[in-house]
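As structure tokens, the structure follows; a few thoughts come after it.
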Amino acid sequence: MNADDATIEPPLKAPLVTVEDIHTYYGKSHILHGVSLEVGKGEVVGLLGRNGVGKSTTLKAIMGLVHPSRGSVRFEGRPVAHLPSYRLARLGLGYVPEDRRIFRLLTVLENLRTGLDRHGVSNARKKELLEKVYDYFPRLAERRHQAGGTLSGGEQQMLAIARAMMLEPKIILMDEPTEGLMPRMVSQIREVIDVLRREEVAVLLVEQNVPLTLEASGRIYLMENGAIRHHAAASELRVDDPVMRRYLGV
Amino acid sequence: MMRRHDIAYWTGFSVVLALLIAAPLVLPEFWRRFVTEILIWGLLAMSSDILIGYTGMVSFGHSAFFGLGMYGAAAALLAVKPPNLWLAIPCGLLASAAVAAFVAYFSTRLRDIYFAITTLIFSQIFYVIIFTWTAVTGGENGLTFSRPKLGIPGLVAVPFTTWTLHWFVLAAVTASYLVLRRIMRSPFGMVLQSIRENEARTRAIGFPIERYKIVAVMLSGLFAGLAGVLYAIQNEFAAPDFVFFLVSGEAVIYNVMGGIGTLVGPIAGAAFFLLLREACSRFFTEYYLIPVGLIFIAMVIFMPQGLLGFARRWLNR
Amino acid sequence: MATSIAQFLVQTVNGVVTGLILALVASGLTLIFGIMDVVNFAHGELFMLGAYVGVITLAATGSFWLALVAATLTIALLGAVIYVATLRPLLGRDPLNTILVTFGVSLVLQNYALWQFGPVARKIQEPFPGHFALFYLDYPWYRIVIALLAAAIIAALWLFLKFSTYGVWIRATTQDRLMAQAMGIPVPRVLTVVFAIGSGMAAASGVLFGPLVGVDHAMGLDWVLKAFIVVVVGGMGNLAGSVAAAIFISLLESYAALIVSPAQAVIFSFAALILTLLFRPTGLFVPTPK
């Protein structure tokens with residue numbers, strides 16, 4: 001799929017994830033003020049904005065880690081806003097959180113197993129998936145019996161993504177995957193996103209790295225103060241556009 | 001100029017107090033004694049509230065404070081003839097204060113669960129010591145002694161009647177309540193509550209929370225010890241059973257069921273629990289703790305704020 | 001002199017035997033605490049009820065092994081029910097509530113046992129008669145067998161946690177409950193299973209310990225305290241630590257029993273607890289985190 005193919009209107013015919021007007025609260029704080037967005041099958045969509053505007057919270061709301069008090073979240077047309085996260089994972093949503101949050105005391109292989117050991121997956125398929133992931137991430141293959149906590153930051157990020165891929169998800173929600181990584185690792189992440197696109201896995205990408213996001217995504221949403229303020233094809237945006245400067249302060 | 005809240009509060013207080021004063025006049029002896037026991041256990045539960053409800057420290061150490069207050073008083077009543085009331089009280093308080101100091105030391109170094117378990121272990125340590133040191137404490141059988149006379153030393157000494165005993169206990173418990181209420185509404189009490197809400201932030205503001213915690217534990221220990229002294233005077237015996245950690249558990253139960261952070265809640269909780277126990281024991285004989293336990297579990301799940309918890313803000317204003 | 005060494009060695013054997021059984025009790029407790037931050041005050045009563053189920057099954061079938069299995073399974077089921085009925089509703093609330101609720105459950109179970117079985121202690125027959133000469137004593141074989149059984153069960157638990165799918169799920173949930181959910185792990189079910197496993201292990205200890213002491217409704221009280229000491233000294237949530245601590249505490253008490261009366265020997269355990277809390281609060285055998 002080519003980034004230039006993305007169009008904003010008409011709305012996607014068969015969106016994978018639809019978020020409509022969700023509001024969330026943290027205690028008394030009103031965090032999300034009516035966020036609406038869509039991600040189509042196999043699309044890479046970027047979500048940009050300054051720190052603290054609610055990007056992570058949006059991902060968490062989709063993943064069921066935060067329950068919206070108003071609004072709806074639909075996956076393949078079905079309302080999923082109040083399902084527990086483990087059901088969402090089984091339906092086909094993968095999540096790569098900020099800070100990676102791999103299981104530090106489990107080995108690399110055990111980390112992957114948390115996503116791999118599911119109902120209805122034959123042992124042959126499990127082997128296949130494991131081999132595929134070891135191909136894409138040879139460093140993880142080398143360290144497969146090492147505890148997750150002993151990996152470097154970049155390796156942990158790879159593990160977090162690989163782990164989500166074990167679920168064979170239809171969409172992966174990624175929260176700032178390049179944060180704190182060296183440039184070499186950043187381009188590796190970029191390659192991984194391309195791999196996912198090739199495999200027709202959609203990606204909703206929250207990032208602070210604007211150039212990478214513009215390059216990798218088909219469409220971009222810009223967030224401010226808990227709501228979506230702008231929406232455009234990535235091809236129509238430049239890093240120094242006034243609208244980018246307005247919402248990102250770049 | 002009294003605010004409407006104060007008028008309502010003191011009216012309610014006076015009504016309850018009047019009822020309690022009148023109790024021995026209208027109730028048969030069994031129930032009179034029952035009310036007196038409610039007051040004593042209520043005082044114990046109230047002392048637990050200082051820690052749980054106001055400072056946010058869960059403690060199972062109250063049986064140690066209570067038990068040592070009891071044994072301290074017993075020692076004074078046995079050592080000096082004729083048994084002297086005004087010696088027994090300070091002796092009991094001193095004993096429980098000593099234990100409280102010991103526990104207070106640990107309170108500053110341990111948080112939450114570890115503190116709770118440690119206080120429980122302390123109760124057991126004292127239980128084992130008292131249980132096995134038969135020569136001094138009477139071991140399993142405890143100590144029996146005679147009730148001291150009420151009076152001013154040197155002037156007049158009158159034996160307690162059932163009525164005067166009840167009023168004496170009532171006076172002690174009421175005074176304790178008023179003192180504690182005053183303390184909890186003072187700046188000191190406010191800091192304690194702030195520690196309960198958010199310890200890190202309170203420390204960051206600059207309060208030496210260790211010192212506050214130590215004082216809270218000492219206060220709690222003193223009033224629990226007073227309850228022990230009153231119990232010794234009322235029942236004329238001291239036994240290791242009262243130092244067993246289950247007694248602490250019961251104090252916490254009365255506290256929580258009545259509503260933590262209210263001071264009167266624990267007394268109401270004690271009344272409720274003891275009445276429930278009495279009622280169930282009539283129908284279920286010795287196994288009354290089964291329905292009582294089930295009701296308690298249900299209350300914790302469905303009514304965690306306790307009987308008076310809904311009025312907590314109002315009672316503390 | 002020779003007698004002292006012999007006594008010391010006998011007490012060592014006793015300490016290890018008791019320690020392994022205590023380790024079985026404590027493992028369940030630490031597993032439960034590690035994964036759901038629940039201090040299970042009712043653990044001693046699950047131990048006690050396990051012993052009673054053992055007594056009944058033994059009387060009905062004459063087989064110690066059947067008694068062991070029946071007790072473990074029945075009480076595991078009871079544990080699952082207790083968890084779902086009383087602890088799951090408390091998820092997300094102040095942890096004080098779990099202490100209170102499990103305390104309430106322990107009261108109910110204790111009195112239930114008193115009601116059903118009466119106050120007189122029962123005995124579980126030694127599964128193997130026969131002694132061997134251990135220094136100056138005729139040492140019963142079954143004590144060794146029971147200790148080996150306890151060790152075997154703990155080893156089985158360890159293998160389960162390390163290699164099976166559920167084991168990985170349990171360990172992942174213990175480390176990061178939210179991410180475990182995000183990986184599709186059915187966390188509510190995992191929590192119930194862990195509570196059931198912990199309960200089952202307590203019950204197994206009850207049956208194993210039955211021949212050594214009498215079975216009565218109050219036997220849980222002593223054990224819950226010992227188990228708590230072990231769990232804290234070993235590091236809460238640390239399985240290997242609890243096993244090591246259990247043996248350590250038991251040896252401590254066994255040796256202490258040479259000097260003071262058994263009732264007083266328990267003070268040494270208390271002292272160990274206090275020292276641990278003062279100087280190495282994360283656990284005696286756990287390196288203090290920086």
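Odds and ends about this structure:
- If you go through the stretch C:119-177 and pick out every residue that is surrounded by 13 or more Cβ atoms within 10 Å (Cβ to Cβ) and either assigned to a helix (DSSP H, G or I) or aromatic (Phe, Trp, Tyr) (or both), you end up with 31.
- Options C:Leu96, C:Leu90, C:Leu107, C:Leu73; residue that is buried (at least 22 other Cβ atoms within 10 Å of the Cβ) and either facing chain B (nearest Cβ under 9 Å) or touching a residue at least 12 places away in the same chain (Cβ under 8 Å) (or both): C:Leu107
- Taking each residue of the stretch C:256-281 that is closer than 19 Å to C:Asn14 by Cα and looking for partners that are surrounded by 19 or more Cβ atoms within 10 Å (Cβ to Cβ) and charged (D, E, K, R) with beta-carbon atoms closer than 9 Å, six or more apart or interchain, yields C:Pro262/C:Glu253; C:Ala265/C:Glu253; C:Val266/C:Lys226; C:Val266/C:Glu253; C:Phe268/C:Glu253; C:Ser269/C:Lys226; C:Ser269/C:Glu253.
- Per-region count, the stretch A:78-118, residues within 7 Å of chain C (Cβ to nearest Cβ) and among the β-branched types (Val, Ile, Thr): 1
- The stretch A:171-193, residues that are loosely packed, with under 13 Cβ neighbours inside 10 Å and charged (D, E, K, R): A:Arg184, A:Glu191
- Unmet requirement for B:Phe237, which otherwise passes all of (1) buried (at least 24 other Cβ atoms within 10 Å of the Cβ); (2) within 30 Å of B:Ile129 (Cα to Cα); (3) among the hydrophobic types (A, V, I, L, M, F, W, C): (1)
- Residue in the stretch A:93-109 that is crowded, with 19+ Cβ neighbours inside 10 Å, closer than 25 Å to A:Glu176 by Cα, among the aromatic types (Phe, Trp, Tyr) and free of Cβ contacts under 8 Å to residues at least 12 places away in the same chain present: no
- For the stretch B:183-214, the set of residues classified as among the aliphatic types (A, V, I, L, M) and surrounded by 16 or more Cβ atoms within 10 Å (Cβ to Cβ) consists of B:Ile183, B:Met184, B:Val191, B:Leu192, B:Ile195, B:Ile209, B:Ile214, listed by residue number.
- Residues considered: A:Val73, A:Val121, A:Val133. Of these, the only one that is more than 9 Å from chain C (Cβ to nearest Cβ), farther than 23 Å from A:Gly27 by Cβ, among the aliphatic types (A, V, I, L, M) and not in a loop (DSSP other than H, G, I, E, B) is A:Val133.
- B:Ser47 more than 20 Å from B:Leu263 (Cα to Cα), crowded, with 24+ Cβ neighbours inside 10 Å and more than 10 Å from every other protein chain (Cβ to nearest Cβ): no
- If you filter the stretch B:18-68 down to residues that are aromatic (Phe, Trp, Tyr) and part of a helix (DSSP H, G or I), you find that the one that is farthest from the chain's Cα centre (by Cα) is B:Phe30.
- When the stretch A:58-89 is filtered for residues that are without any contact (Cβ under 8 Å) to a residue 40 or more places away in the chain and within 27 Å of A:Arg245 (Cα to Cα), only A:Lys60 remains.
- Residue selected from the stretch C:31-68 under the condition of a type in the set (S, T, N, Q) and in a helix (DSSP H, G or I), by the criterion surrounded by the most Cβ atoms within 10 Å (Cβ to Cβ): C:Thr57
- Here the strands (runs of 3 or more DSSP E) wholly within the stretch A:169-250 that include at least 1 residues being among the aromatic types (Phe, Trp, Tyr) and either more than 14 Å from A:Gly42 (Cα to Cα) or in contact with a strand residue (DSSP E or B) (Cβ under 8 Å, 6 or more places away or on another chain) (or both) are A:219-224.
- Filter result for C:Leu114 (over 20 Å from the mean Cα position of the chain (by Cα) and exposed (fewer than 15 other Cβ atoms within 10 Å of the Cβ)): no
- Residue in the stretch B:176-183 that is over 24 Å from B:Tyr231 (Cα atoms), modelled with pLDDT of 90 or more and aliphatic (A, V, I, L, M) present: yes
- Helices (runs of 4 or more DSSP H) lying entirely in the stretch C:216-290 (those with 1 or more residues that are closer than 19 Å to C:Phe41 by Cβ and within 11 Å of another protein chain (Cβ to nearest Cβ)): C:219-234, C:262-279
- Residue in the stretch A:203-222 that is among the polar types (S, T, N, Q), modelled with pLDDT under 90 and surrounded by 15 or more Cβ atoms within 10 Å (Cβ to Cβ) present: yes
- Flag for A:Ala162 being in a helix (DSSP H, G or I), buried (at least 23 other Cβ atoms within 10 Å of the Cβ) and either more than 8 Å from every other protein chain (Cβ to nearest Cβ) or of a type outside the set (D, E, K, R) (or both): yes
- Some residue of the stretch C:137-150 being without any contact (Cβ under 8 Å) to a residue 12 or more places away in the chain and not aliphatic (A, V, I, L, M): yes
The values are calculated or read from the model by the stated rules, or taken from the named source; none is laboratory data. Quantities reported herein were computed from a predicted structural model and do not represent experimental measurements. No Cβ is skipped: glycine too gets one built from the backbone with ideal geometry, and neighbour counts run over all protein chains shown.
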